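Asks: The structure under discussion is supplied below as structure tokens; questions concerning it will follow.
The values are calculated or read from the model by the stated rules, or taken from the named source; none is laboratory data. Quick caveat: nothing in here was measured; it's all calculated off a predicted structure. Cβ placement follows ideal geometry from the backbone for every residue including glycine, while neighbour counts extend to all protein chains displayed.
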Amino acid sequence: MTKREKMHLKSYKLNPDNWLIFKKVDGELHLVHRHTNSIRVIPSA
């Protein structure tokens, strides 16, 4: 994950250490939590 992506996650009050970007599509970032495997979709930067 790039520094820019980490800053983007922080702007959504998400801890970049706990989230992985597993898909980038159509202006969206699909995130999966490292421990709980829950999925979040946020607009990409």
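Asks: Any residue in region 18-45 that's at pLDDT below 95: show its pairings with residues that are assigned to a strand (DSSP E or B) and charged (D, E, K, R) at Cβ separation under 9 Å, as long as the two are six or more apart or on different chains.
Replies: Ser44/Lys24; Ser44/Glu28
Asks: Of all residues in region 1-28, how many are surrounded by 11 or more Cβ atoms within 10 Å (Cβ to Cβ) and touching a Leu at 6+ places or on another chain (Cβ under 8 Å)? Let's see the steps before the verdict.
Replies: Step one: list which residues in region 1-28 are surrounded by 11 or more Cβ atoms within 10 Å (Cβ to Cβ), which gives 1, 5-10, 12, 14-16, 18-21, 23-24, 28.
From what's left, touching a Leu at 6+ places or on another chain (Cβ under 8 Å): 1, 5, 8-9, 14-16, 19-21, 23.
So the answer is 11.
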